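The values are calculated or read from the model by the stated rules, or taken from the named source; none is laboratory data. Because the structure is a prediction, the values reported are computed rather than measured. Here the Cβ positions follow ideal geometry from the backbone for every residue, glycine too, while neighbour counts run over all protein chains shown.
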Amino acid sequence: MLGFVTSGFTGSVTADIISGLVGAGILTVLSGLVRWMIQKRTERQIPLKGQYLTSYEDREGDGQIIKRKATATLKQRGQHITGVTSNLDDNRSWNIDINLVRDRYLIGTYSSNDKADGSIGMIFLDRRGDTGELHGLWAGYDPHSNQIESGHYNFRRFTPPTIAILTPDRAREAMAILGRELGDQYVTDHDIMEYVSRPDALAETAINTDGRVMAVSISEMIDIEDFQGLFGQHLDAVRKVVPGFSLQTFGLFKSIAVSERYKGRGVGTILLRQALNWFEKQKATTIVSLAWESDGVCFAQGILESVGFERKLRLERFWYEDSTAKGYQCPSCGNPCICTANIYFLTS
Ligand SMILES: CC(C)(COP(=O)(O)OP(=O)(O)OC[C@H]1O[C@@H](n2cnc3c(N)ncnc32)[C@H](O)[C@@H]1OP(=O)(O)O)[C@@H](O)C(=O)NCCC(=O)NCCS
């Protein structure tokens, strides 16, 4: 009898435990599901995952504040964002661990990937509107200066474009961008068809997800006659700033134009890096680029300097005669063009 009661009691306890466990299991699965659904909703409504171009203020050894550039790749799990950021110029990198607060602010930490570096600190970013841009501040301990440093910190979205050689069927699209950004017929219809077919020239395009051209760049190998044609009366001045001028094999990064709505997303830099790979294959030892400056702003300065170009000369009213002879309209000053040319060199 006693045995029967005990086994009945034990059986009902076991059943209770099992149903308790099942209930707890179902609750765990349900709360996990709810958490997962909330995470997914946040990821859909406030997508932060992806690649970014970032810039941040940093202090040099001499105390000067400079703008550093870095890439960042972020992963998102609901409100929790992790990722890695790497400097463009020296490849130093940091882990980022931040949380989305009130659907707008991103607050968290960064820490160096290199134990010998040891820099660590805080990040505060404000996500304004739907542009995907994040603006804010960083502050942290820098073991090199043994100080707390801080500065502005900005993130811009980056979607890598498809790069394609310019083909004749895309020449009209490319010409429209070149015309808008550099002046109508600064690069002529005839020029573009030549660049498309010449083996010692490279005309490349960046294509968006709809298959439309969003940027164009033109590069070519040049000899001393081309140099003479390009610089004319300034040739001697140019010779002086290039050590071993007559021994160099020159490439010219001639033109680059990015459609207005795609500017500032890394497209120009990607085309420039592609061109540099091509120049390397052509065995160019020095690459020259003429960067246009208007009202003190040189648009290509950032991208050229980020890959190592150095400005060696400034030539005022450089395109004055050329624009008068050819009649093109400079987008900044019309015709004749009174803009300054910044002459940049990159020597391998
Ligand atoms: C100049 C021009 C070609 C630049 O193209 P762009 O696609 O806007 O340039 P990017 O987006 O690559 O670079 C913009 C900035 O982001 C930076 N950047 C690029 N890639 C980056 C990256 N991976 N991480 C962080 N920063 C990056 C660049 O260094 C540049 O810095 P800056 O703000 O100091 O200038 C474009 O503005 C243009 O077409 N201008 C009109 C025509 C012109 O002036 N052409 C040059 C004379 S031939």
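Do you know which residues across segment 320-343 are of a type in the set (Val, Ile, Thr) and either farther than 15 Å from Gly232 by Cα or not assigned by TED's automatic domain parsing to the domain that holds Asp184 (or both)? Quick ask: steps written out before the conclusion?
So in segment 320-343, the residues of a type in the set (Val, Ile, Thr) come out as 324, 338, 340, 343.
Residues satisfying the conditions are Thr324, Ile338, Thr340.
What residue, of Phe227, Phe245, is free of Cβ contacts under 8 Å to residues at least 24 places away in the same chain and either within 12 Å of the ligand (Cβ to nearest atom) or touching a Lys or Arg at 6+ places or on another chain (Cβ under 8 Å) (or both)?
Result of the check over Phe227, Phe245: Phe245.
Taking only segment 293-329 into account, find how many residues are part of a helix (DSSP H, G or I) and either of a type outside the set (S, T, N, Q) or modelled with pLDDT of 95 or more (or both).
Of the residues in that region, 10 qualify.
So His190 passes all but one of these: (1) within 16 Å of the ligand (Cβ to nearest atom); (2) within 23 Å of Tyr320 (Cβ to Cβ). Which condition number does it fail?
So His190 meets the others, but not (1).
Quick check on my filter: what residues within segment 156-178 are in a helix (DSSP H, G or I) and small (Gly, Ala, Ser)?
The answer is Ala171, Ala174, Ala176.
Looking only at residues in segment 189-241 that are in a loop (DSSP other than H, G, I, E, B) and touching a strand residue (DSSP E or B) at 6+ places or on another chain (Cβ under 6 Å), which one is modelled with the highest pLDDT?
The extreme case among them is Asp200.
Among the listed residues Tyr153, Tyr110, which satisfies the condition of being closer than 27 Å to Ser259 by Cα, within 23 Å of the chain's Cα centre (by Cα), hydroxyl-bearing (Ser, Thr, Tyr) and modelled with pLDDT of 95 or more?
Residue meeting the stated conditions: Tyr153.
Which residues, counting only those in segment 259-281, are outside any helix (DSSP H, G or I) and surrounded by 19 or more Cβ atoms within 10 Å (Cβ to Cβ)?
Ser259, Arg265, Gly266 - these are the residues of segment 259-281 that are outside any helix (DSSP H, G or I) and surrounded by 19 or more Cβ atoms within 10 Å (Cβ to Cβ).
Is it the case that Lys254 is modelled with pLDDT under 95 and within 13 Å of the ligand (Cβ to nearest atom)?
Taking the combined requirement at face value, the residue does not satisfy it.
Residues Asp114, Asp169, Asp142: which one is more than 16 Å from the ligand (Cβ to nearest atom), outside the structural domain of Asp58 (by TED's automatic domain parsing), acidic (Asp, Glu) and more than 17 Å from Tyr52 (Cβ to Cβ)?
Of the residues listed, the single one that is more than 16 Å from the ligand (Cβ to nearest atom), outside the structural domain of Asp58 (by TED's automatic domain parsing), acidic (Asp, Glu) and more than 17 Å from Tyr52 (Cβ to Cβ) is Asp169.
Applying the selection to segment 243-258, what residues are surrounded by fewer than 19 Cβ atoms within 10 Å (Cβ to Cβ) and among the hydrophobic types (A, V, I, L, M, F, W, C)?
Phe245, Leu247
Listed residues Lys115, Lys75; which is charged (D, E, K, R) and in contact with a strand residue (DSSP E or B) (Cβ under 7 Å, 6 or more places away or on another chain)?
Working: Lys115 fails: in contact with a strand residue (DSSP E or B) (Cβ under 7 Å, 6 or more places away or on another chain).
Exactly one residue qualifies, and that residue is Lys75.
So, in segment 179-188, how many residues would count as being part of a loop (DSSP other than H, G, I, E, B) and closer than 29 Å to Thr249 by Cα?
4
Residues to consider are Gly61, Gly108, Gly121; find the one that is away from the ligand (no atom under 14 Å from the Cβ), within 19 Å of Ser150 (Cα to Cα) and out of contact with any strand residue (DSSP E or B) (no Cβ under 6 Å at 6 or more places or on another chain).
Going through Gly61, Gly108, Gly121 in turn, just one is away from the ligand (no atom under 14 Å from the Cβ), within 19 Å of Ser150 (Cα to Cα) and out of contact with any strand residue (DSSP E or B) (no Cβ under 6 Å at 6 or more places or on another chain): Gly61.
For segment 280-320, enumerate the residues that are basic (Lys, Arg) and within 14 Å of the ligand (Cβ to nearest atom).
So the first thing to find is which residues in segment 280-320 are basic (Lys, Arg), and the list is 281, 283, 311-312, 314, 317.
Selection gives Arg311 alone.
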